[in-house]
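This report concerns only the one structure given below.
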Amino acid sequence: MPDRNPCLALLFQKHIQAIMMNIEDLKFNCKYFKGYIPCLPNKQKGEICDTCRSYIPVDKRILIIKLGATGDVIRTTPLVVKYKTLYPNCHITWLTHSPAVLPPDKIDEILKYDFTSVFNIRHNTYDIAINLDKEQEACLLLKEVEACEKYGYTWEDNHIALATPAAEAKLMTGLFDQVSRENKKHYLEEIFEICHLTFNDEPYLLNYDPELVHRFDYIRELAGTKKIVGLNTGCGARWKTRLWTKANWMELSRLLEKQGYFVMFIGGEAEDALNQEMAQETKIFYPGHFSLEEFIALSSLCTIVVTQVSMMMHIATALEKKLVLINNIFNSHEFYMYHRGIIIEPPSGCDCYYGITCKRAHRCMEDITPEMLAEAVRKED
């Protein structure tokens, strides 16, 4: 009999209540509401809407449109931290080409950009909608989204437009190199201002699985008591003007090894052949290339990362690693490393601002020597 056992009696009561519930009893504004499947409190505790002790009403529904590139998606995540601080019970939806780098435990809904996701967004309503991309598809989507407040870039009269005047400065830096060169604000300052917010060192977020790190325990054993320095040798196929030479990477690896570090080459599939060649010629360790999730776990082993401007710099920043950043074609004011890094640039300057081909017979990247980077690593340690 249900009434002879208090626990069974409670479960029986909730069972009867659930059977008797109708749509008017549902709490659609609950943070846990899934729309068409049992919510977490129901699965774990048997809770039902009208008597639920886990009910948390959503105070703001926020949409972030930041499609790519992957590194830019990572470095936009401090906005999530800010909004979760301002509105602890907010619900954040993020639309992107790179869902794998976003942490599902910190962002309520992560959507990969496709027809279904766009269709759903267009038929929902938000308190705040933000688009930080300037591409037409992103601007058009913000224009069509129903939201009380819109920030960033939208679309009017067949061209990009401002959702609010606060987005104008960032648009101008993207349109004119002359304006971009004079910019003194870093990316996070810019995007926070676009959203009418103030940046206060909110950290990066990243989809980092500490359990994956155990796959690389053997590297910790190889390193012993030595600090691990990761040399990220690639920076994508588009910006070849950013590339440092094979000879320089090999010489740097030798110098760092002599300084007492455990050095390893790291990179993606595009750098695999190069890294294998350098590892064979120098006998410096190279673990291979991995999935993005595994690469993030591997990177977490490093004390210091040396990289050209690439996704790796944002992974290292998210993991709170010390960073030696090689930069030539970008405005260095754009980068913010939370006081954990140093930027090394060619002493001769660079003539190829945001350029994909070098204008000089002697590439400016050749003016950055392995000795300069080895000294930078020593200073950052």
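Coordinate-derived values only; no laboratory data. Remember, it's a predicted structure, so these values are computed and weren't measured experimentally. Heads up, the Cβs are rebuilt from the backbone with ideal geometry, glycines too, and the neighbour counts pull from every protein chain shown.
Can you figure out the FRET efficiency of GLU168 with LEU140, using R₀ = 22 Å and their beta-carbon distance, to the nearest 0.05?
Values: r = 19 Å, r/R0 = 0.88.
E between GLU168 and LEU140, to the nearest 0.05, is 0.70.
Give the residue list of trypsin sites (Lys or Arg not before Pro) in region 199-253 that are DSSP loop and have at most 14 other beta-carbon atoms within 10 angstrom. Walk me through the intermediate numbers first.
Details: sites: ARG215, ARG220, LYS226, LYS227, ARG238, LYS240, ARG242, LYS246; in loops: LYS226, LYS227, ARG238.
Sites meeting the loop and neighbour criteria: LYS226, ARG238.
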Handout entry: Percent antiparallel among DSSP beta bridges (both partners in region 61-194, rounded to 5)
Key = 15
Problem - Residues of region 188-231 with amide N under 18 Å of the 7 Å Cα→Cβ point at HIS333 - result: 188-194, 199
Practice task
Subtracting the Cα-Cα distance from 0.36 nm times the residue separation, let me have the gained length for GLN280 to ASN200 in nm, one decimal.
Solution key: 24.3 nm
Fill in the blank from the handout: Helix 6-20: inclination vs the chain longest Cα principal axis, degrees, rounded to 10, gives 80
Practice task
For helix 272-282, report the angle its Cα long axis makes with the longest principal axis of the Cα atoms of the chain; keep it between 0 and 90° and round to the nearest 10°.
Solution key: 40
Problem - Solvent-free Debye scattering, log10 I(q)/I(0), computed from the Cα coordinates of the chain at q = 0.07 Å⁻¹ - result: -0.41
Practice task
Rounded to the nearest 0.05, what FRET efficiency do TYR353 and ASP25 give with R0 = 45 Å and r taken as the Cβ-Cβ distance? Could you check?
Solution key: 0.15
Completion exercise
Quick calc, ILE342 & THR245: beta-carbon distance into FRET formula, R0 35 Å, rounding 0.05, result 0.95
Exercise for the section: For region 98-154, list log₁₀ I(q)/I(0) at each q in 0.19, 0.20, 0.28, 0.29 Å⁻¹, using the Debye formula over Cα point scatterers of equal strength and ignoring solvent, two decimals each. Expected result: -0.74, -0.81, -1.29, -1.30
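Between ARG378 and TYR36, 0.36 nm times their residue separation minus their Cα-Cα distance comes to what? Write out the running numbers ahead of the final one.
On the way: separation 342, 0.36 × 342 = 123.12 nm, distance 5.57 nm.
Stretched out fully, the ARG378 to TYR36 stretch lengthens by 117.5 nm.
Name the trypsin sites (Lys or Arg not before Pro) in region 13-113 that are in a loop by DSSP and that have at most 12 other C-beta atoms within 10 Å, would you?
Values: sites: LYS14, LYS27, LYS31, LYS34, LYS43, LYS45, ARG53, LYS60, ARG61, LYS66, ARG75, LYS82, LYS84, LYS106, LYS112; in loops: LYS27, LYS31, LYS34, ARG53, LYS60, LYS66, ARG75, LYS106.
For trypsin sites (Lys or Arg not before Pro) across region 13-113 that sit outside H, G, I, E and B with at most 12 neighbouring Cβ atoms in 10 Å, the list reads LYS34, ARG53.
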Exercise for the section: Run through the DSSP bridge list for the chain and note the antiparallel percent, rounded to the nearest 5. Expected result: 10
Practice task
Using a Gaussian network model of the chain whose springs link C-alpha atoms within less than 10 Å, name the residue from LEU197, LEU255, LEU222 with the highest mean-square fluctuation.
Solution key: LEU222
Handout entry: Principal-axis tilt of helix 370-380 within the chain, Cα atoms, nearest 10 degrees
Key = 50
